[in-house]
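The values are calculated or read from the model by the stated rules, or taken from the named source; none is laboratory data. Since the model is a prediction, treat every value here as computed from it, not as a measurement. Note: ideal-geometry Cβ built from the backbone for every residue, glycine included; neighbour counts use all protein chains shown. In case anyone asks, the SASA skips ligands and DNA or RNA and just uses the protein heavy atoms, side chains included. Shrake-Rupley method; radii C 1.70, N 1.55, O 1.52, S 1.80 Å.
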Amino acid sequence: MTIQAQAASLSLLNVSYDPTRELYADYNKAFEAHYKQVAGDTVTVKASHGGSGKQARTVLDGAPADVVTLGISADIDELATAGLVNKDWQKRLPDNATPYTSTIVLLVRKGNPKGIKDWNDLAKPGISVVTPNPKTSAGARWNYLAAWLYALKQPGGNEQKAQDFVKAIYKNVGVLDSGARGATTTFVERGIGDVLIAWENEALLSVKDLGPDKFDIVVPSSSILTEPPVAIVDKNVDKHGTRKAAEAYLQWLYPPQGQEIAAKHFYRPRSPEIAKKYESQYPKLKLYTVDADLGGWTKTQAKHFADGGIFDQIYTKK
Amino acid sequence: MSTALFPMWRKPSALPGFGLTMGYTVAYLSLVVLVPLLMVFIKASSLDWASFVAAVSSPRVLASYRLTFGISLAAATLNAFFGFILAWVLVRYTFPGKRFVDALIDLPFALPTSVAGIVLAAIYAPNGWIGRWFEPLGIKIAFTPLGIFVALTFIGLPFVVRTLQPVLEEFEREQEEAAACLGATRWQTLRHVILPAVLPALLTGFALAFARAVGEYGSVIFIAGNIPMVSEITSLLIITKLEQYDFAGAAALAVVMLLISFVLLLLINTLQWWLQRRHSGRRASGA
C-alpha cells in the first residue's frame, strides 16, 4: 500500500504519424503494464495521429508531446532546429533511432484487373493512381522516392528519365490526400483508383481488415526501405518530469517484446530473431535506402520537395 | 466643422454610456479581429519584396486563386438564386413540415465543416449514393472542381436564406396587389416591385456566402482531389506551406487572399448601397 502511494502516476503523449494508430494502441497498453512492473510507476500513454508534417508542426506550435514517432527524419530534424529535440537525437537510439522499418508496395483491386506488376505500369496512360501529397505526408515522400529510384536504377536510367517517369505517374493521380490514411480511405472506401501506393504495413492491414477478397498486394521489383524515426522531445519531458518514462518508452521498442508488437502490426522488425519468426509476412524485394542511394534526407528534401523542387516542377512545367 | 465631416460623432444618444460602449467596441474588435489580422501582415512582412512576389505569384498559386475565387463566385451565385426561392417559399407559404425545413436550412452552419466534407465526398464519390448516377454519364463530381462547387454551395446556403427572410417578411403584400390592380403582369411585378426591394438583402447574402466560400477549408479538402493546377484551393496551399514550416510564405498568401476578398466585398457593399439609395429615391419620388 505504501509502495503504491509513493509510486508516481505519469502520463506520456506520443505524437505519431498516420498509419501507426493500431501499432501504438497495442504497444501503449503493453508498455503501461511493463513499466508498472519494472519501475512501479503507473504511466498512461496517449497517442495522437495525423500526417507526419502536420504532427511535427503541432509539436512545434506547442503540443505537449513527450515523444514523437514520425514518418521521416526530416520532420524530427525540424523540431531539433527549433530547439525542442536535442541535435544528436538520431544517435541516441540504435539503428538511427528507427526501431522498425517498412517499405512501399502497391495495393490493387482483387484479381488485379489492370495487370499491374511493377512501377512502370503506374506510368501508363489510363491507370488511375492514388497517393497522398508529398508536401504534407511523409508516406507520400517515400512513395515518390521509391518510384524515382526505380526509374533511376533502370539500365540507362538518369535523373531526367526519372523525372519524366514520376511526372507520368503523377499525371495518373486523381486525388492527392494530405495523409497516408486519407489516401487509403480514398482507395478503399471511395473506390477511387486502380492502384494505391502504400506503406507495406498499411497495405497488409487493409487486406487483413477488409478481407483478402477485395484487394491484392503487388510487390514491385524494387522499392525503398522506409525508416520512420522516434525521438524524445527533450524540452517537454524536462518540463513534465517524464524523461525517465519517455526514454523507457522508446527503448522498449527494441527488445523482443517491442519488436514483436511492431511485427504483429506488419512493420519490419530490426531484430533479426523476430524478423526470422515473421519472415513469411514480408516479401523479398530489392530495397534502396535514402542514405546509400540518395545521399541522405537533408539533400533529398531540398532537391525534391522544397518549394520549386522537382515535385513542384512536375506539376507546373509543361 | 469636424462634426459636419463626421456626422456619426454628433449627438450619440440621450442615454448615457456611449463612451463605455464605444471603448468596449474598439477594444474588443482590436483583440479579436484587428490584432490577429495584423499578425498575418507582420509575418508576411518578414519576406522581402521579391520573395513576397515570388511566393504569391507562382503559376500554381495563381491557378489556386482562379479556382478559389471563381468557384466561390459561382457557388454564391447559385445560392443567391436558390436561396431566394427557398426564402420566398418559407415566408409566403405554409405547408406541413415548414418548421422542420426552416430548421434544416441552418444545419450547414452547425455541422463541423470537415464532417460536411467527408459526408459530401462519400455521397458524391463514383460509388456514392449520388455519384453513382453521374458516373455512367461521364460526370465526375467528387475529387474534381465540380466537387468543390458542391461543397461551397452547401456551406453558403444559409447566408442567403437567412438574410432574405426578414426582408421578405416585412415586404407588404399590398404593393404586389397594387401592381396587379394597375395591370402589371406577374413578371413585371417581380422585376419592378419585388426584386428592387429585396436586391440589397440578396446582395448581402451573396457577399456573405461568397466570403465564407473563399475562406472555406474543412469541407473542401476532402472532396477536392487537391491536384496542383487543377483542384487545389488557396487555403490548402497555405496549409501546405505551414506544414513545410514556411510561415512567412503562408502569411503572404493569406495577405493576398485578405486583400482580394476585402476589395470584392467593398465592391459588393458599394453596389448594395447604391441600389438601396436608388430604390428608396424612386419610391420617395413615386409616392
The alpha-carbon pair-distance distribution computed for the range B:163-287, with 10 angstrom bins and whole-percent values, is 11, 29, 22, 17, 14, 7, 1
For the range A:111-218, using Cα atoms only, the Rg and Dmax in Å read 13.5, 41
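What is the local net charge at A:Ala82, summed over the other residues whose Cβ is closer than 13 Å to its Cβ (Lys, Arg +1; Asp, Glu -1)? Please list the in-between numbers first.
Values: positive: A:Arg57, A:Lys87, A:Lys235; negative: A:Asp61, A:Asp75, A:Asp77, A:Glu78, A:Asp234.
So the surrounding residues net to -2.
Working from the pairwise distances between different alpha carbons, so that the mean of 1/r is found and then inverted, what is the range B:199-245's Kirkwood radius in Å?
On the way: mean 1/r = 0.0826 Å⁻¹.
This gives a value of 12.1 Å.
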FRET efficiency for B:Trp133 and A:Glu22 from the Cβ-Cβ distance with R0 = 25 Å, rounded to 0.05, comes out at 0.10
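Order the peptides B:127-137, A:264-274, A:234-244 from the highest to the lowest mean number of other Cβ atoms within 10 Å of their residues.
Details: B:127-137: 14.0, A:264-274: 19.0, A:234-244: 16.6.
Highest to lowest by the protection proxy: A:264-274, A:234-244, B:127-137.
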Contact-by-burial set, the range B:131-155, min loss 50 Å², accessible area of protein heavy atoms with 1.4 Å probe, reference chain alone, gives B:Phe143
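Evaluate E = 1/(1 + (r/R0)^6) for B:Val33 and A:Lys214, where r is the Cβ-Cβ distance and R0 equals 51 Å; express this FRET efficiency to the nearest 0.05. Spell out each step's value before the answer.
Numbers: r = 50 Å, r/R0 = 0.99.
Once the sixth-power term is evaluated, E becomes 0.50.
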Rounded to two decimals, the Debye log10 I(q)/I(0) of chain B (Cα scatterers, no solvent) at q = 0.12, 0.16 Å⁻¹ is -0.98, -1.31
Once both label points are put 7 Å beyond Cα along the C-beta direction, the B:Arg60-A:Glu260 separation in nm becomes 4.6
Residues hit by the 30 Å² burial cutoff in the range B:54-82, accessible area with a 1.4 Å probe, assembly against chain on its own, are B:Arg60
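For the range B:219-278, divide the Cα radius of gyration by the Kirkwood radius and give the resulting Rg/Rh value with two decimals.
Numbers: Rg = 16.0 Å, Rh = 13.6 Å.
With Rh from the inverse mean 1/r over Cα pairs, Rg/Rh is 1.18.
Rounded to the nearest 100 Å², what is the buried accessible area between B and A, both sides summed, probe 1.4 Å? Numbers along the way, then the final one.
On the way: alone 17390 and 13770 Å², together 29040 Å².
For B against A, buried area totals roughly 2100 Å².
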Here, GluC sites (Glu not before Pro) of the range B:157-254 satisfying both criteria (DSSP loop; at most 14 other Cβ within 10 Å) are B:Glu172
Along the dipole axis of the protein assembly as shown (charges at Cβ: +1 for Lys and Arg, -1 for Asp and Glu; origin at the Cα centre), the most positive-end residue among B:Val56, A:Gly139, A:Leu205 is B:Val56
Whole-percent carbon and sulfur contribution to the accessible surface of the range B:42-156 (1.4 Å, no ligands, DNA or RNA) stands at 75
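Considering only protein heavy atoms and a probe of 1.4 Å, how much of the accessible area of the range B:166-287 is carbon and sulfur, as a whole percent?
On the way: 4030 of 6210 Å².
Answer for the range B:166-287 is 65 percent, counting heavy atoms of protein chains only.
For the range A:164-318, what % of the accessible area comes from carbon and sulfur atoms, probe 1.4 Å?
Numbers: 3460 of 6390 Å².
Answer for the range A:164-318 is 54 percent, counting heavy atoms of protein chains only.
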antiparallel share of DSSP beta bridges within the protein assembly as shown, to nearest 5, in %, is 50
Stokes-Einstein, Kirkwood over Cα pairs, the range A:74-120, 20 °C, 1.002 mPa s; D in µm²/s equals 151
With the convex hull built on the alpha-carbon atoms of the range A:1-85, volume per residue in Å³ sits at 94
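Keeping all protein chains in place, calculate the accessible area per residue for the protein assembly as shown (probe 1.4 angstrom), answer in Å². Don't skip to the answer; put the middle values down first.
Numbers: 29040 Å² over 605 residues.
Per residue, the protein assembly as shown has an accessible area of 48 Å².
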Simple spin-label estimate for B:Phe247/B:Asp102, 7 Å along Cα→Cβ, in nm, reads 4.8
With the label point 7 Å along the Cα-to-beta-carbon line of A:Thr316 and a cut-off under 11 Å to each amide N, the hits in the range B:36-78 are B:54-63
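Looking at the protein assembly as shown, I'd like the Rg to Rh ratio, where Rg is from alpha-carbon atoms and Rh is Kirkwood's inverse mean 1/r. Mind dumping the intermediate values first?
Numbers: Rg = 29.1 Å, Rh = 27.7 Å.
Answer for the protein assembly as shown: 1.05.
Of all DSSP beta bridges located in chain A, what percent are antiparallel, nearest 5? Could you put the intermediate results ahead of the total?
Working: 16 of 33 bridges.
For chain A, the DSSP antiparallel bridge percentage is about 50.
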Hits for chain B under the membrane-span-like helix rule (DSSP H, Cα axial span at least 20 Å, Kyte-Doolittle mean at least -1.0) are B:59-92, B:145-170, B:195-215, B:247-286
Placing one equal point scatterer on each C-alpha of chain A and summing with Debye, one gets log10 I(q)/I(0) at q = 0.09, 0.10, 0.12, 0.13 Å⁻¹ equal to -0.46, -0.56, -0.80, -0.93
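Using +1 on the beta carbon of Lys and Arg, -1 on that of Asp and Glu, and nothing else charged, what's the dipole of the protein assembly as shown about the Cα centre, debye to 20? Show your work: numbers first, answer last.
Working: 59 positive and 49 negative charges, 222 e Å.
Dipole magnitude for the protein assembly as shown comes out near 1060 debye.
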For the range A:14-107, listing trypsin sites (Lys or Arg not before Pro) in a DSSP loop whose Cβ sees at most 13 other Cβ atoms within 10 Å gives A:Lys87
For the protein assembly as shown, the charge dipole (Cβ of Lys, Arg +1; Cβ of Asp, Glu -1; about the Cα centre) points to a positive end, and the Cα of B:Cys181, B:Ile227, A:Leu23 closest to that extreme belongs to B:Cys181
